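J.: Structure provided below as structure tokens; questions to follow.
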Amino acid sequence: MSFPLLTATAALPAVGAVATAAVPAAWRTAAKWLALLVSLATLALAVTVLVRFDPDGARYQLTESHAWIKDFGVRYELGVDGIAVALIALTALLIPFIVLAGWNDADPLETGSSRWRPTQGFFALILAVEAMVVISFEATDVFLFYIFFEAMLIPMYFLIGGFGDRAHAQGEEAASRQRSYAAVKFLLYNLVGGLIMLAAVIGLYVVAGNFSLQEIAQARASGSLHMATSTERWLFLGFFFAFAVKAPLWPLHTWLPNAMQESTAPVAVLITAVVDKVGTFAMLRFCLQLFPQASKWATPVILVLALISIVYGALLAVGQRDIKRLVAYASISHFGFIIMGIFAMTSQGQSGATLYMVNHGISTAALMLVAGFLISRRGSRLIADYGGVQKVAPVLAGTFLIGGLATLSLPGLAPFVSEFLVLVGTFTRHPVIGIIATFGIVLAALYTLVLYQRTMTGPVKPEVSAMPDLRARELVVVAPLIVLLIFLGVYPKPVTDIVNPAVKQTMSDVHKKDPKPEVEAAK
Amino acid sequence: MNPVNYLYLAALLFTIGATGVLIRRNAIVVFMCIELMLNACNLAFVAFSRMHGNLDGQIIAFFTMVVAAAEVVVGLAIIVSLFRTRHSASVDDASLMKL
Amino acid sequence: MENLIALLIAAPLLGAAVLLVGGRRLDAVGHWIGTLLSFVSFVIGVVLFADLLGKGAEHRTLTQHLFSWVPVAGFQADVTFRLDQLSMTFVLLITGVGSLIHLYSVGYMEHDERRRRFFGYLNLFLAAMLLLVLADNYLLLYVGWEGVGLASYLLIGFWQHKPSAATAAKKAFLVNRVGDMGLSIAIMLMFTTFGSFAFGPVLSHAGDASEGRLTAIGLMLLLATCGKSAQVPLQSWLGDAMEGPTPVSALIHAATMVTAGVYLIVRSGAVFNAAPDAQLAVTVVGAVTLLFGAIVGCAKDDIKKALAGSTMSQIGYMVLAAGLGPIGYVFAIMHLVTHGFFKAGLFLGAGSVMHGMNDEVDMRKYGGLRRYMPVTFVTFGLGYLAIIGFPGLSGFFSKDKIIEAAFAKGGTDGWILGGVALLGAAITAFYMTRVMLMTFFGEERWKNQPTRSPEAPSAEPAAEHQGEHAEPHPHESPKVMTIPMIVLAVGSVLGGGFFSIGDRFLHWLEPVTGYSEGHSPVGAWTVTGATMVCLIIGVGIAWAQYGRKPVPAVAPRGSLLTRAARRDLLQDDFNHVVLVRGGEHLTRSLVYVDHTLVDGVVNGTAAGFGGLSSRLRRVQNGFARSYAVSMFGGAALLVAATLLMRAV
Amino acid sequence: MMTHLAAYTTSTGEAFQFWVLGTVAVIGALCTVFMKKAVHSALCLAGTMIILAVFYLANGAYFLGIVQIVVYTGAIMMLFLFVVMLVGVTAADSLKETIKGQRWLALLCGAGFGVLLLAGLGNASLKEFDGIGQANANGNVEGLASLLFTKYVFAFEITGALLITAAVGAMVLTHRERTERAKTQRELSEQRVREGTHVPPLPAPGVYARHNAVDIAGLLPDGTPSELTVSKTLRERGQVRDVSAEALNDLHALEQRAEERLERTAIEPATFKRPEEASK
């Protein structure tokens, strides 16, 4: 038996989480370094997975399979396809930055404050989330997936509810109230989605007799497992609902702005760049593979919802007065693109969507983390409290601009490639939806540039005149992300090469072929 | 007259007893109403006994009486001790079932 | 030789990277690095040009494949460059004029503490613009297309501390994005139509596709053009873009970037040739903009904005020509090149004037400057003569050809378009003469008055060391600024003749763009004659109005048209009322909707359950008798159910 | 063996007895429920039970009839009366409803249940009666006994155990073991002094009230009655007579007479009413 690489990748951060939590209270810095080391080691493991993965090989690789709950046919089954590999790499890549960016976020407040901020807990929770996200990407057993899909809510709940921004306009009391509101909202939304999914999971077991994704998918493909049309649709909806909450898709999105607004920037990145990706990933892996017919049946509605997400999220981003809320709504718009790409049912759409997940992770991380640095300097999230930062802190402004440009999908930066692929993929099958979605790029420019203009340009506000530029630690966080954004914008082939075969498989799962062009001119 | 009328009477008495249980607040009266219900049942049993021509119904009625006696003993004892601690025989006082 | 193409782009890109990442260490030499790399690019361009000239007309297309960019199933985007006669023309224009303006900026931006960054942006622009014209497929072109938009954004907003500059930059980017949307939809359409968006397959198979699709593609490309080239209805950003430093206006908003739309149409000629409706739309847009820009140019007192109106109008000519199809492509490009020379020259001249006038931009506060800045006067004057189409100068040749071609379109269309083009020529003569007269002739209106205009409180940093309200001391600019102006003036004088005599330019471009001789209903000399008459009329009116009478230092109220023209023919007001206000209302109401409705539904559900449970909780009142009632009711229900079941 | 008729009827005498006594039984039951005082309820219930005993007898359940009278009416009802006496009369005797909607719900449920029950009985095919004669052939008591000690012997034994348990349970519930020595009078008075409440003995009833019966509250100097003067049990039963208004009226009349005698301005005769009268 070979080394269980996938288990190790998920287990390492889990063990790290426990170890970090166990560090004595006085050794705060040690806990931080431990968390950083663990996340880097996880990254190393993830890179190993990436290297060992053969894009042209079997669909699921590095598989592990052990019996777990025999009576219910639940197995501990892991395996990765190209999409999962890309996302695991993204997750493992982002966590060290999140840890580094949140280095001081969970320090105890200055003496005299009654609030105690458990540093160890903060980093342990982040690592715990990482472990659960990674295993969600790896699980090929529906039940196993479900458990971790739900379990990650717990550490996220504590991260949102327990660690907010340091300063708050309305005082500590209001901040804490809003935080717990956001955390509860997050939990409730996702829990409801999860419970509906649980019903569907049980239903799937009743219909299929086991939980193995591969077996069920094969049985579906070969026709040996027949599902009644309505059964399949109900099960699909049960799964999809949970993923749509997590993703989040309009109109199930309202938890995201609250959660992102109230949590610290690194945690906000964790939510939107890492945890939410599980939702869109699961749509590709579970919805399309298990319920191909129902997926096709639901496509029109989902595409329209995704379209609404895109335009609506962007419009709301324009109207926001809070930097983090703005980024949250921008993310909703981007998730609209991802879901649209998935359900466009074209190679371009799905490859684009997968690529989008990776790119959105990186670009949002860049933008949000810089925004977090900005907010921590001034102690306010309100856009109106800033102005002229560019003059005082040019490097901060520059990185903020690059993050913003990535968000608006400027060509040359990574998100452009994926966004365009999604648009093309949608357009080839649904031209009208594709065209309307294109309006999203104008709106994206609007909210990004308005944000930049209001915060960074113009006369220097007195409150920001003493603002320090990015520090070394912060540069270490931002610079690699920007380099990655540029690299993947210019040369996304490494990612597409991994993703394409998996997308091809998914396309064949749903029995869809790309539409032919009118004139065969490519030859 | 058809002896089934005894059954109607039993049903009537039972209903009156049940309503009494719901309406009265004095625990003792409530208990009396319960006794009334039990007696109504006994009447029905006796009538059934006659209807079927065997004594099993009467046996059951006999057991009912015995159990009712036991119940009354315990119940009244509870009422007395309740009254001692709360100085009231009302079943409503201080919503007993609420924390 | 092919391998040099990438270097064309790499040189300025390297410059941009070094200058922007390098930090303050490079402040002392940054501008020279930028200028040097720009010249390097130009030299490479010249070498490649020489190489192309050495080949036969049919072999003048070089391609360089670098790597596969986005390969997904049928969607294959490569990073491939294509250098043919059309791209070569642009490369030379971009790097040539670009290098001169780099040089000019060394002097112009001398006192700006962020000069290094300025050169970084300029280099970034060069790289993006070169990428735009060298791309071998539309997606790569799109990268350059947005890249120049970014550079333009950064440069317009270079003085970010001025809110007006920041706003103008944002506006430029946004309006351009609308155009970019057109380009991206066009690319998608190409992909669904041809399964590719590389120039080769698309252009060679354009004839095979249905006309409806081609028209759609054409219209989307036109939308892109409108955005980038400031054509009606997306022209509103160009006037505001003058907030940027003057060299930027000269390079990006006069000579190169704004002409990218013309490049796009000419490059996609094969598509337009097969879609007459799209072509008609192009000519209409061109004609309308031609007049629009000219009228706006007549009313502006801000020298740069007047020139911006002129730019709009001249690009209108080019778009008009490009819309005419094969009879106009070559002339569109020719006018583009000559315009690049003289308009860059004019802007640099304007910059030089401002440089000497404490950054005053109001022409009503100029006057009689020819004595103080002779070199500027001469070069500006030559540019002026070129643009109004003075016989023998470059504008004469290129514009004349376009007017001829417009008539040659034939039919009513031809007469209308030709007439508009002629009218445009007259107005051009009027407003350019106006600029000339107000700036260099007449009284010296700048004397005895403070000059810092309130609109530009801390305008160009070059003036920062001077007193707040000092009377300006007009002076000639340093050599590093005048030399580029002289070179450009020489180009504007000789370019047209050089290109036209012997149809050199026609023969050079024809293999790429195709050319067909138009059959004009009026003779070539008649058109020339008519143009001359228009020119004289225009100049004459301007002379009568601004040359003979003194120019009031404060603008008179003016006619309704004048006032409208001063406000960009109310287009901004329209935008403000409809788009900005409407958008604000929309977003605000959506924020409200999201908070109350979408969130409200969910919260309402929660509150509903909460309310229900608090109601239900009241049932649990702790009274044993209440519970007994429920039990009794339940028993009654059970009896009822039993009876019912038996009855059924 | 009798061949049974579709409509088994009883003798006319029994029918007469049923209708008369049945009516009384229902009235007794209703009185049980609606009588204000527990004692009256208990008496009505006893009456109903006796009638039921008669019905048992009429139905051939002689043993049960006797047991009903002896055990139920004789023992259990007496137990009830004892408890009523022990507990005394409390506010719980009021028929006034305190839970909103309880009465209506109860009556609704009761009516519904009753109607359903009667309807169910009406629907059931209960026309065939075997009569008890055959079963009682060897004597009712003997028949019961033979069943009780054969077929139902286990149930019988268990019932016995239940009775014993109940008896023990009742004792446990009602018996209070004194865990500490009773306080002496001295200790009680010392405690009162310590607490500062009612150091002197409680006032006697009837003081200043012209009566000195135990159920009349003594009056305070301002003429209002003092609760402290009457026994707690009387208070709880609501059997305290209030004569304060009378006394005050008498006083007033006396004053008026004195004024008349002294030929002063006539004073309007004031009438004092008892608080509860005033509130009516």
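J.: So in region D:134-162, with the set limited to residues that are in a loop (DSSP other than H, G, I, E, B) and at the interface with another protein chain (Cβ under 10 Å from one of its Cβ atoms), which one is nearest to B:PHE48 (Cα to Cα)?
T.: D:ALA135
J.: Inside region C:127-169, can you point out the residues that are among the hydrophobic types (A, V, I, L, M, F, W, C) and not in a helix (DSSP H, G or I)?
T.: Of everything in region C:127-169, those that are among the hydrophobic types (A, V, I, L, M, F, W, C) and not in a helix (DSSP H, G or I) turn out to be C:ALA135, C:PHE158, C:TRP159.
J.: Go through the residues of region A:381-401 one by one and say whether even a single one is over 21 Å from the mean Cα position of the chain (by Cα), without any contact (Cβ under 8 Å) to a residue 40 or more places away in the chain and either surrounded by 24 or more Cβ atoms within 10 Å (Cβ to Cβ) or assigned to a helix (DSSP H, G or I) (or both).
T.: So far as region A:381-401 goes, yes, one or more of its residues are over 21 Å from the mean Cα position of the chain (by Cα), without any contact (Cβ under 8 Å) to a residue 40 or more places away in the chain and either surrounded by 24 or more Cβ atoms within 10 Å (Cβ to Cβ) or assigned to a helix (DSSP H, G or I) (or both).
J.: Kindly indicate the residue of region B:41-56 that is surrounded by fewer than 24 Cβ atoms within 10 Å (Cβ to Cβ) and small (Gly, Ala, Ser) and also farthest from the other protein chains (Cβ to nearest Cβ) among those meeting that condition.
T.: B:ALA44
J.: Another question, if that's okay. For residues that are modelled with pLDDT of 85 or more and among the hydroxyl-bearing types (Ser, Thr, Tyr), tally how many sit in region B:34-87.
T.: 2
J.: Filter region A:45-69 down to the residues that are farther than 21 Å from A:LEU144 by Cα, among the acidic types (Asp, Glu) and buried (at least 17 other Cβ atoms within 10 Å of the Cβ) and list them by number.
T.: none
J.: Further question on the same structure: Is it the case, given these coordinates, that D:VAL54 is assigned to a helix (DSSP H, G or I), touching a residue at least 24 places away in the same chain (Cβ under 8 Å), in contact with a Leu (Cβ under 7 Å, 6 or more places away or on another chain) and more than 9 Å from chain B (Cβ to nearest Cβ)?
T.: Yes, satisfied.
J.: Something else now. Within region B:59-82, does at least one residue satisfy the condition of being touching a residue at least 60 places away in the same chain (Cβ under 8 Å) and at the interface with chain D (Cβ under 7 Å from one of its Cβ atoms)?
T.: no
J.: Look at C:ASP277 and say whether it is farther than 21 Å from C:ALA321 by Cβ and surrounded by fewer than 24 Cβ atoms within 10 Å (Cβ to Cβ).
T.: No.
J.: Out of (1) in a strand (DSSP E or B); (2) out of contact with any strand residue (DSSP E or B) (no Cβ under 7 Å at 6 or more places or on another chain); (3) crowded, with 21+ Cβ neighbours inside 10 Å; (4) not charged (D, E, K, R), the odd one out for C:LEU13 is which?
T.: So C:LEU13 meets the others, but not (1).
J.: OK, next. With (1) surrounded by fewer than 23 Cβ atoms within 10 Å (Cβ to Cβ); (2) assigned to a helix (DSSP H, G or I) as the list, and B:ASP92 as the residue in question, which single condition is left unmet?
T.: Result: B:ASP92 fails condition (2) only.
J.: Got a sec? Which of A:THR448, A:THR428 is among the β-branched types (Val, Ile, Thr) and either surrounded by fewer than 24 Cβ atoms within 10 Å (Cβ to Cβ) or facing chain C (nearest Cβ under 9 Å) (or both)?
T.: Just one listed residue meets the conditions, A:THR428.
J.: Name every residue in region D:112-133 that is more than 8 Å from every other protein chain (Cβ to nearest Cβ) and either in a helix (DSSP H, G or I) or not small (Gly, Ala, Ser) (or both), in order of residue number.
T.: Those that are more than 8 Å from every other protein chain (Cβ to nearest Cβ) and either in a helix (DSSP H, G or I) or not small (Gly, Ala, Ser) (or both): D:VAL115, D:GLY122.
J.: If you don't mind, there's one more thing I want to ask. One residue is enough: does region A:350-373 have a residue meeting the conditions part of a helix (DSSP H, G or I) and among the aromatic types (Phe, Trp, Tyr)?
T.: Yes, because at least one residue in region A:350-373 is part of a helix (DSSP H, G or I) and among the aromatic types (Phe, Trp, Tyr).
J.: Which one is surrounded by the fewest Cβ atoms within 10 Å (Cβ to Cβ), of the residues in region C:142-166 that are within 7 Å of chain A (Cβ to nearest Cβ) and touching a residue at least 24 places away in the same chain (Cβ under 8 Å)?
T.: Taking the candidates together, the pick is C:HIS161.
J.: Something else about it: I'm trying to understand the selection: among the residues of region A:456-485, which are assigned to a helix (DSSP H, G or I) and more than 25 Å from A:TRP103 (Cβ to Cβ)?
T.: A:PRO462
J.: Here's something else I'd like to know. From the list C:LEU637, C:LEU579, C:LEU643, C:LEU612, exactly one residue is within 31 Å of the chain's Cα centre (by Cα) and not small (Gly, Ala, Ser). Which is it?
T.: C:LEU579
J.: For the structure I just gave you, tell me whether D:GLY196 is at pLDDT 75 or above and under 22 Å from D:VAL240 (Cβ atoms).
T.: For D:GLY196, the condition - at pLDDT 75 or above and under 22 Å from D:VAL240 (Cβ atoms) - is not met.
Residue-by-condition table, conditions (1) surrounded by 11 or more Cβ atoms within 10 Å (Cβ to Cβ); (2) at pLDDT 75 or above:
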residue	(1), (2)
D:ASP215	yes, yes
D:VAL230	yes, yes
D:GLN239	yes, no
D:GLU246	yes, no
D:ASP250	yes, yes
D:LEU262	no, yes
D:GLU268	no, no
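J.: Do we have A:LEU144 as surrounded by 20 or more Cβ atoms within 10 Å (Cβ to Cβ), touching a helix residue (DSSP H, G or I) at 6+ places or on another chain (Cβ under 8 Å) and without any contact (Cβ under 8 Å) to a residue 60 or more places away in the chain here?
T.: No; evaluated as a whole, the condition is false for this residue.
J.: Let me ask you something else. Can you tell me which residues in region C:212-221 are more than 9 Å from chain A (Cβ to nearest Cβ) and either surrounded by 14 or more Cβ atoms within 10 Å (Cβ to Cβ) or in contact with a His (Cβ under 7 Å, 6 or more places away or on another chain) (or both)?
T.: Selection gives C:LEU214, C:THR215, C:ALA216, C:ILE217, C:GLY218, C:LEU219, C:MET220, C:LEU221.
J.: Could you tell me whether region C:72-85 includes any residue that is in a helix (DSSP H, G or I) and surrounded by 19 or more Cβ atoms within 10 Å (Cβ to Cβ)?
T.: yes
J.: On to the next question. Conditions: (1) surrounded by fewer than 19 Cβ atoms within 10 Å (Cβ to Cβ); (2) modelled with pLDDT of 85 or more; (3) aliphatic (A, V, I, L, M). D:ALA58 meets all but one. Number of the miss?
T.: For D:ALA58, the failing item is (1).
J.: Being facing chain C (nearest Cβ under 9 Å) and buried (at least 17 other Cβ atoms within 10 Å of the Cβ) is the filter; apply it to region A:494-503 and report the residue that is nearest to C:ASP78 (Cα to Cα).
T.: Residue satisfying both the conditions and the ranking: A:THR496.
J.: Which of the residues spanning region C:597-648 are surrounded by 11 or more Cβ atoms within 10 Å (Cβ to Cβ), among the charged types (D, E, K, R) and within 14 Å of chain B (Cβ to nearest Cβ)?
T.: Hit for region C:597-648 is C:ARG625, nothing else.
J.: Then there is this: Is there any pair linking a residue in region C:498-517 that is closer than 13 Å to C:ARG267 by Cα to one that is basic (Lys, Arg), with Cβ under 7 Å and at least six apart or on different chains, and which?
T.: C:PRO511/C:ARG60
The values are calculated or read from the model by the stated rules, or taken from the named source; none is laboratory data. Being a predicted model, the structure only gives us computed values, none of them experimental. Neighbour counts run over all protein chains shown; Cβ positions are idealised from the backbone, glycine included.
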